[in-house]
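Every number here is computed from the coordinates shown, using simple stated rules; none is lab data. Since the model is a prediction, treat every value here as computed from it, not as a measurement. Here the Cβ positions follow ideal geometry from the backbone for every residue, glycine too, while neighbour counts run over all protein chains shown.
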Amino acid sequence: MILGRLTWGLLVVAVLSGLALAPFWSAARPLESLETLTGATPWGFWLRGVHTVSSWGFLAGTIAHLVEVLWKKADTRLPRGVWWRCVALLPVTILALLGGFLMRGDAEAQAALTVWREVSTSIPFVGRALAALLLGVPGSDLAPVALHHAGTFTLLAWLLTAEHGRALVPDLRSTVLAALGSFAVAGLFPISLGPATAPAGGLLLGPWYLLGLQGALLHLPVTAGWLLPLFLLAAVGLVRHVEGRWRSMLLAAAAAWSAGYLAFTVRLLLAAR
């Protein structure tokens with residue numbers, strides 16, 4: 001599928017641009033290092049924009065390709081294990097992008113770090129250990145976050161994508177198209193950093209792809225931060241195991257979840273105005 005190949009190319013662009021950014025970023029001074037990169041390093045703003053745009057594109061492409069596969073019932077042609085690993089690519093990608101968001105080090109990133117730690121800690125039995133593994137101990141620098149952003153989750157995303165695409169790397173045409181698109185968008189729409197401190201009385205927003213979850217957490221217990229995504233993944237994953245009426249019910253549940261997520265997103269954006 002063309003969309004899948006283009007998404008594969010966007011991942012390559014995101015990884016290569018991330019490697020180019022790594023020498024400029026500091027775990028102890030994340031915001032200051034990025035401000036220096038974007039303000040004092042030639043073409044630094046553009047390089048960061050390419051990394052951000054290609055990462056966003058990979059997430060959007062992954063979601064769109066998943067919908068495309070379900071629409072065409074192409075999931076029935078995949079072995080069940082492969083299908084579940086394809087579904088797992090979605091949370092892996094979101095966690096990778098969330099790590100990149102935290103690495104900004106601005107007020108919005110600091111708030112998101114606190115929320116992620118609370119959500120992780122609320123998971124029974126393994127929550128505290130998981131939070132320490134992914135985010136480090138409270139008060140530490142962002143080195144653990146960077147390690148999992150650039151290492152664990154990126155490597156998993158690459159391997160899962162490669163298995164689905166049946167190739168270790170995408171074709172050259174898809175990569176070139178993904179690169180050209182990312183270069184153009186990054187040049188036309190520079191990606192800004194947030195404020196260093198939270199504005200008085202203002203509502204800090206997380207990354208755009210988690211605004212619905214942020215809005216839900218304003219009204220629901222913190223455990224909803226992992227229970228709601230788990231429900232969606234279970235509904236989508238189980239589609240491969242059923243047919244007929246049950247398949248339609250699971251897809252309807254996933255659609256209802258998505259509609260609710262969009263509603264929470266809109267409500268949060270209106271509250272932030």
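Using R0 = 45 Å, the C-beta based FRET efficiency linking A167 and L269 works out to 0.70.
Its relative contact order, with pairs defined as Cα atoms under 8 Å and 6+ residues apart, puts the chain at 27 percent.
Output the Kirkwood hydrodynamic radius of the stretch 2-191, Cα pairs only, in Å rounded to one decimal.
Hydrodynamic radius (Kirkwood, Cα pairs) of the stretch 2-191 is 17.5 Å.
As a test of understanding, state the convex hull volume per residue of the stretch 24-107 from its alpha carbons, in Å³.
105
For the stretch 1-63, compute Rh as the Kirkwood radius over C-alpha pairs and then the Stokes-Einstein diffusion coefficient at 37 °C and 0.692 mPa s; write the answer in µm²/s, rounded to an integer. It diffuses with D of about 266 µm²/s by this estimate.
Going 7 Å from the Cα of A224 along its beta-carbon direction, which residues of the stretch 114-134 have the amide nitrogen within less than 20 Å of the resulting point? Zone members listed by number: 114-124.
Note on the chain: helix-only mean residue ellipticity at 222 nm, from DSSP H runs of 4+ residues weighted -39500 (n - 2.57) and normalised by residue number, equals -23500 deg cm²/dmol. Exposure proxy shown here: for F58, F189, the number of other Cβ atoms within 10 Å sets the order, fewest to most, as F189, F58. For the pair E35 and T76, label points projected 7 Å from Cα toward Cβ lie 5.8 nm apart.
Between the stretch 37-69 and the stretch 213-262, the C-alpha centres lie 26 angstrom from each other. For L233 and T114, the FRET efficiency from 1/(1 + (r/R0)^6), where r spans their Cβ atoms and R0 equals 22 Å, is about 0.35. Projected onto its three principal axes, the C-alpha set of the stretch 110-188 covers 46, 34, 19 Å, listed from the longest axis down. Distance between the pseudo-spin-label points of L159 and S192 (7 Å out from Cα toward the beta carbon): 4.0 nm.
Charged side chains reduced to their Cβ positions (Lys and Arg at +1, Asp and Glu at -1) give the chain a dipole of some 780 debye around its Cα centre.
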